[in-house]
Amino acid sequence: MATIGIFDSGSGGLSVYRELVKLLPRERYIYYSDNAHCPYGEKTALYIQRRARFITEFLLDKGADIIVVACNTATAAAIATLRAEYPDVPFVGMEPAVKPAALGTRTGVIGVLATAGTLKGSKYLKTRGLYADDVRVVEHVGQGFVELVENGILDGPEAESTVRASLQPLLDQGADIIVLGCTHYPFLRPVIERIAGPGVQVIDPAPAVARQTLRLLQQHGVPVGTGTFSVQLHTSGDPLALERIFAICSNG
Ligand code: DGL
């Protein structure tokens, strides 16, 4: 049985967790939600690296065989540092799914919703550069999306007006594929899809990240599928708030 450590600035990583559990339902999960330091979106890379190191130590101490950085912003800021500092530990990171979007667009315009930290990260800029000749990539920060999800507001008039403000500029520029570049955003997917309409496809990389986690576990010789499912929740913030949000966000 594998012990899978997962972390995010908050509950966004649960969108990855639920895909992991679908693919690997018999493992031991340890989820760390860094609520006391959320959001990461506008924090410096150095700040996020310090948090990522602290949380990595915590998860390793609890027996993690692998660490899923279920946060695009933390991946952009810290995964290279983590891999250099913990060469024996397998890390899985998030990346906005620009490649499948570039292959699938009919209008030649893809829209990326992410945090400011992710959009200015060198990894993202490099990936975007690879497709720049073929497609136009338009971007917007999902302003206020993280706060909505952390407050459990996943639909309704407030969610709708907040989502529309960041999504509409991408639609206006002709995007027919919207890439969700922040792990909080999939929880707003029904609202995003409603506003975008039927001609627009939304891409969430979480299922691909779950498959990559399985591949890495196998490569490292960690047995999977042999145990009993369990999950532990940890947070630097309010444990009751995390349990509440976990109940809303961990299914489906
Ligand atoms: N869920 C995170 C991400 O994927 C971080 C959001 C935030 O804390 O700003 O980018």
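Structure summary
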{"quantity": "Wholly enclosed strands (runs of 3 or more DSSP E) of the stretch 1-90 bearing at least 1 residues among the hydroxyl-bearing types (Ser, Thr, Tyr)", "calculated": "3-8, 28-33"}
{"quantity": "Qualifying residue in the stretch 184-194 (condition: modelled with pLDDT of 95 or more, open to solvent by 40 Å² or more (accessible area, probe 1.4 Å) and among the acidic types (Asp, Glu))", "calculated": "yes"}
{"quantity": "Which numbered condition residue 136 misses (of (1) out of contact with any Leu (no Cβ under 6 Å at 6 or more places or on another chain); (2) closer than 26 Å to residue 215 by Cβ; (3) of a type outside the set (A, V, I, L, M))", "calculated": "(2)"}
{"quantity": "Number of positions in the stretch 1-18 that are under 15 Å from the mean Cα position of the chain (by Cα) and either open to solvent by 30 Å² or more (accessible area, probe 1.4 Å) or without any contact (Cβ under 8 Å) to a residue 12 or more places away in the chain (or both)", "calculated": "1"}
{"quantity": "Residue that is farthest from residue 115 (Cα to Cα) [pool: residues in the stretch 19-51 that are within 14 Å of the ligand (Cβ to nearest atom) and free of Cβ contacts under 8 Å to residues at least 60 places away in the same chain]", "calculated": "51"}
{"quantity": "Single residue of the stretch 37-52 satisfying the filter (touching a Phe, Trp or Tyr at 6+ places or on another chain (Cβ under 9 Å) and more than 10 Å from residue 74 (Cβ to Cβ)) that is most open to solvent (accessible area, probe 1.4 Å)", "calculated": "47"}
{"quantity": "For residue 216: the one exception among (1) touching a strand residue (DSSP E or B) at 6+ places or on another chain (Cβ under 9 Å); (2) open to solvent by less than 70 Å² (accessible area, probe 1.4 Å); (3) not in a helix (DSSP H, G or I)", "calculated": "(3)"}
{"quantity": "Residue match in the stretch 101-121 (condition: surrounded by fewer than 24 Cβ atoms within 10 Å (Cβ to Cβ), within 27 Å of residue 222 (Cα to Cα) and within 13 Å of the ligand (Cβ to nearest atom))", "calculated": "no"}
{"quantity": "Residue satisfying all of: in the stretch 80-95; within 12 Å of the ligand (Cβ to nearest atom) and open to solvent by 10 Å² or more (accessible area, probe 1.4 Å); nearest to residue 181 (Cα to Cα) among these", "calculated": "95"}
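The values are calculated or read from the model by the stated rules, or taken from the named source; none is laboratory data. Model, not experiment: these values are computed from the prediction. Cβ: placed from backbone, ideal geometry, glycine included. Neighbour counts: every protein chain shown. Keep in mind that these areas ignore ligands, DNA and RNA; they rest on the heavy atoms of the full protein, side chains included. Shrake-Rupley method; radii C 1.70, N 1.55, O 1.52, S 1.80 Å.
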